[in-house]
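Notes follow once the structure below has been shown.
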Amino acid sequence: MSTTSAAASPEAAGNGIPCSQAGDLTGKPDRQPPADLPVLPGGQLYLSKGPFGKTELFFLAMDADPTNLDAVRDEAADVLAKAGYKIERKDQEEGSEAEAHLSGPHDVAIQVIQLCEGKVRVKYTLS
């Protein structure tokens with residue numbers, strides 16, 4: 001696993017910090033998502049964690065308006081829906097995060113948060 005600062009860690013939101021302080025967003029993850037899990041195009045997959053039993057985490061950084069997290073969530077969910085996944089539910093905490101839960105070849109939870117100025121983090125949790 002690549003070394004990242006606290007800001008690029010999965011637990012941290014960027015809160016408008018400069019991206020230069022967000023850690024290595026160009027890192028190469030130890031693992032790639034399965035072939036039947038298409039991730040949002042235009043982003044940089046920079047970190048993976050797991051597997052923890054059947055659960056794996058994949059982190060993507062992408063340029064996006066952090067005040068419009070639900071639009072990124074919807075786009076990520078639509079990519080999976082076009083690949084045969086079923087959107088089970090969506091929710092959001094305004095200004096904080098947006099989430100979607102899907103079923104298909106994998107159960108997938110998508111979480112979108114602000115990572116740093118002008119970038120959001122999309123976390124895919126597979127189980």
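Long-range amide H contacts for LYS119: which residues qualify at under 5 Å (H placed 1.01 Å from N, peptide plane, sequence gap of 5 or more or a different chain)?
ALA64
Listed here are the pairs LYS28/LYS119; LYS28/LYS54; LYS28/LYS49; which of them are more than 20 Å apart at the Cα?
Values: LYS28/LYS119 18 Å; LYS28/LYS54 22 Å; LYS28/LYS49 12 Å.
In this structure, LYS28/LYS54 lie more than 20 Å apart at Cα.
Here are labelled values, [x] 0.94; [y] 1.00; [z] 1.04, and one is the computed Rg/Rh (Cα atoms, Kirkwood Rh) for what I pasted. Which one?
[x]
For the chain, what does the accessible surface come to per residue with a 1.4 Å probe? Please give it in Å².
On the way: 6220 Å² over 127 residues.
Using a 1.4 Å probe on heavy atoms only, each residue of the chain averages 49 Å².
Please report, as a whole percent, how much of the solvent-accessible surface of the chain comes from carbon and sulfur atoms (probe radius 1.4 Å). Don't jump to the answer; show the numbers that get you there.
Working: 2990 of 6220 Å².
That share works out to 48 percent.
For every other residue with a beta carbon closer than 9 angstrom to the beta carbon of GLN111, add +1 if it is Lys or Arg and -1 if Asp or Glu, then tell me the sum. Display every interim value, and only then the final one.
Details: positive: ARG73, ARG121, LYS123; negative: GLU97, GLU99.
For residues surrounding GLN111, the net value is +1.
I want the local charge near TYR46. Using Cβ-Cβ distances under 10 Å, sum +1 for each Lys or Arg and -1 for each Asp or Glu among the other residues. Don't skip to the answer; put the middle values down first.
Numbers: positive: LYS28, ARG121; negative: ASP24.
So the environment of TYR46 carries a net charge of +1.
Work out from phi, with θ = phi - 60° and the Karplus expression 6.51 cos²θ - 1.76 cosθ + 1.60, the ³J(HN,Hα) of each residue of region 104-113, listed in order in whole Hz, and give x for Gly and Pro.
Values, residue by residue: x, x, 9, 7, 10, 10, 10, 10, 10, 9 Hz.
Region 43-127: which GluC sites (Glu not before Pro) are DSSP loop and have at most 13 other beta-carbon atoms within 10 angstrom? It would help to have the intermediate numbers written out before the result.
Values: sites: GLU56, GLU75, GLU88, GLU93, GLU94, GLU97, GLU99, GLU117; in loops: GLU94, GLU117.
Here the sparse-neighbourhood loop sites are GLU94.
Please give me the summed charge of the neighbours of ASP30: other residues whose Cβ is under 14 Å from its Cβ, Lys and Arg +1, Asp and Glu -1. Mind dumping the intermediate values first?
On the way: positive: LYS28, ARG31, LYS49; negative: ASP24, GLU56.
Residues near ASP30 contribute +1 overall.
The values are calculated or read from the model by the stated rules, or taken from the named source; none is laboratory data. This one's a predicted model, so the numbers in the text were calculated from it and none came from an experiment. Note that we place each Cβ from the backbone using ideal geometry, even for glycine, and neighbour counts take in every protein chain shown. Areas reflect the complete protein model, heavy atoms only, side chains present, ligands, DNA and RNA absent. Shrake-Rupley method; radii C 1.70, N 1.55, O 1.52, S 1.80 Å.
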